[in-house]
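A quick write-up on the structure given underneath.
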Amino acid sequence: MNKKNLIIGTGVLAAYLSLQLLKNKEKVIVTSRHKKNYKNFKYLRIENKVKFEKLNVKNKLEIKNIIKKYNPDKIYYFAGQSSLTKSLLMKKETFNSHFTGTKNFLDILKRYKIKCKFFKANSGYIFKP
């Protein structure tokens, strides 16, 4: 059985995890808040082997729709501000991408009783209200 993995975010961790999952013959869907240059995936030469989708983690309807569309076995949440400097300057956006996005995913999984594993990467960012 080909397991389906939904990866939220397009950073280095997401790209290397995708590479490993593809080696294990698993399907990979990667989401990003906007269409952009997926340089990490291009570097690993896997940009044509994964499916990319646009997703706003602040929008619960979009989250529900993408989960229903792909019915993933596992969800890996790597979205969020990765730059310490930017996290201090862009506090609200940083909070929304790390906390609100994660909470929205967990709310959807609970509300619709979706059975899948959910993994959240350690962000290492600093948030001061």
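The values are calculated or read from the model by the stated rules, or taken from the named source; none is laboratory data. Being a predicted model, the structure only gives us computed values, none of them experimental. Please note: Cβ atoms are built from the backbone with ideal geometry, for glycine as well, and neighbour counts cover all protein chains shown. Accessible surface is based on the protein model in full, side chains and every heavy atom, while ligands, DNA and RNA are left aside. Shrake-Rupley method; radii C 1.70, N 1.55, O 1.52, S 1.80 Å.
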Please go through the residue pairs K36/K103; K23/K86; K27/K113 and name each one whose alpha carbons sit more than 31 Å apart in this structure. K23/K86
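Express the accessible area of the range 1-90 per residue in Å², computed with a 1.4 Å probe while the remaining protein chains stay in the model.
On the way: 5510 Å² over 90 residues.
Averaged over the residues of the range 1-90, the accessible area is 61 Å².
Rank-order 81-94, 8-21 by packing density, defined as the average count of other C-beta atoms within 10 Å over each peptide's residues, highest first.
On the way: 81-94: 14.8, 8-21: 19.8.
Those peptides, ordered most packed to least, come out 8-21, 81-94.
If a/c stays under 1.5 just call it rounded; otherwise compare a/b with b/c (prolate if a/b is bigger, oblate if not). Do that for the range 1-74, with a ≥ b ≥ c from the square roots of the Cα gyration tensor eigenvalues.
Details: a/c = 2.32, a/b = 1.20, b/c = 1.93.
It comes out oblate by the Cα gyration axes.
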Largest first, please: the extent of the C-alpha atoms of the chain along each principal axis, to the nearest Å. 45, 37, 23
Please list, in order along the range 25-38, the HN-Hα scalar couplings obtained from phi with the Karplus expression 6.51 cos²θ - 1.76 cosθ + 1.60 (θ = phi - 60°), rounded to whole Hz, x for Gly and Pro. 6, 9, 7, 10, 10, 10, 10, 9, 6, 8, 6, 7, 7, 8
With label points built 7 Å along Cα→Cβ from the Cα atoms of L89 and K74, find their separation and express it in nm. 3.5
